[in-house]
1. Excluding residues on the same chain fewer than 8 positions from Lys18, give the lysines whose Cα lies under 22 Å from its Cα.
2. So how far, in whole Å, is the C-alpha centre of segment 236-263 from the one of segment 304-323?
3. In whole angstrom, how far apart do the alpha carbon centroids of segment 91-142 and segment 1-63 sit?
4. Once the Cα atoms of helix 259-269 and of the chain are each reduced to a long axis, what angle between those two axes, in degrees from 0 to 90 to the nearest 10, is obtained?
5. Could you list, bin by bin from short to long, the percent of Cα-Cα pairs of segment 140-189 in 5 Å steps?
6. Restricting to bridges with both residues inside the chain, how much of the DSSP beta-bridge set is antiparallel, in percent to the nearest 5?
7. List the equivalent ellipsoid semi-axes of segment 170-287 in whole Å, largest first, each obtained as the square root of 5λ for an eigenvalue λ of the Cα gyration tensor.
8. Among Ser170, Ser116, Ser72, which one shows the biggest mean-square fluctuation in a GNM of the chain, springs joining Cα atoms closer than 10 Å?
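Readers should treat all values here as calculations from the given coordinates under stated rules, not as data from a laboratory. Here the structure is a predicted model, which means the values were calculated and not measured. Virtual Cβ from ideal backbone geometry, glycine too; neighbours counted across all protein chains shown.
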Amino acid sequence: METCSAGIIGLGMYVPEKIVTNADIEKIVDTNSEWIIDRTGIKQRHVVEADVTTSDLAVYAAEAALADANLSAEDISLIIVATATPDMFFPSVACLVQTRIGAKNAAAFDLVAGCSGFVYALITASQFVQNGTYKNVLVIGAETLTKITDWSDRNTCVLFGDGAGAAVISKVADGHGLLGFDLGADGSGGELLKVEAGGTRMPASAETVANKLHFIQMNGNEVYKFAVKIMGATALKAIERAGITVDDVNLLFPHQANIRIIQAAAKRLKLPMERVFVNVENYGNTSSASIPIALCEAKAAGQLIDGENSVLVGFGAGLTWAACVLKWGGIVK
Ligand code: UT7
């Protein structure tokens, strides 16, 4: 089979209207806006209403990405949704999206890799395009983390937000698109960031609910140390495999979890912050949605320039990490 280059030909995003500011959170738990901004960089987050689900956000982002790529839903052969907050165990969010947008020619599955999920999914999608199996693949990172957040736990409730971002992956001219990547996991760190109950190990019961075991539990300090170590390392591997150097990286898109983690990654890569995309102040940590939302905003601001290289890098529950290098442009009309 003939191989080709695969890249992003369309981007879309959606965040719910409702904004929860740090001042709003001050009224719920013992915290203050100064602490939150100083330790995380977050000023506000978007939060869904009770009747809105992850698939709702995914559908809106998908429709925007299809419009941006100038494609219809029937042109899509595969949908991959990266999420840690699916509507339900099954069917998958990808199947819910498939029927809602009318992508009747598409296979569909979810991919679970925590906050690294979008980059994992993007790289997975690219394999199908590169080897000629599928022409257009829709990749979505969508989360409603605020629904599994313990709003009485100040260690976690200040961090998360809801949203979705989507990308259409298709053939691009040789030498463009995905140039190199690195994927990794360390399952021994799984205890650091988890939702303990509701699965087959600890099925939902009155006791699990009373003990708040359906909410996110996190060892923030340990996840922080892991993130600072891994972000630079995995990005450097992807850069090396792409056959470029850090000097050739025009824009870094780190997972938007914490400004201090982002700054540490930039420092490790010796990249000035002017070449790092940051929007964590507006959205908080939207997990697998954070990188595609950032890409979408960068595109709207004219920052995704043909011929320039971006590095996407994420880390998350699992533990997992993922990085890739994308060269923009080369879109085949
Ligand atoms: O996408 C992956 C998901 N996870 C992450 O990215 C999280 C990675 N970790 C982090 O971002 C940071 O560890 C946090 C932002 C969660 C915490 O920051 P930190 O600088 O590591 O703070 P800490 O946990 O060491 O806590 C310092 C102090 C503690 O008080 P004591 O024990 O020193 O008296 C906490 O109780 O800050 C206290 N604290 C707060 N104070 C005010 C913790 N949360 C809050 C809060 N407001 N919301």
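1. Lys27, Lys43, Lys147
2. Spelled out, the Cα-based centre of one part sits 7 Å from the other.
3. Measuring centre to centre over Cα atoms gives 20 Å.
4. With rounding to tens, the tilt is 40 degrees.
5. The percentages, shortest bin first, are 4, 13, 13, 11, 19, 16, 10, 8, 5, 2, 0.
6. Antiparallel: roughly 70 percent of the beta bridges in the chain.
7. Semi-axes (√(5λ), whole Å): 34, 17, 14.
8. Ser72
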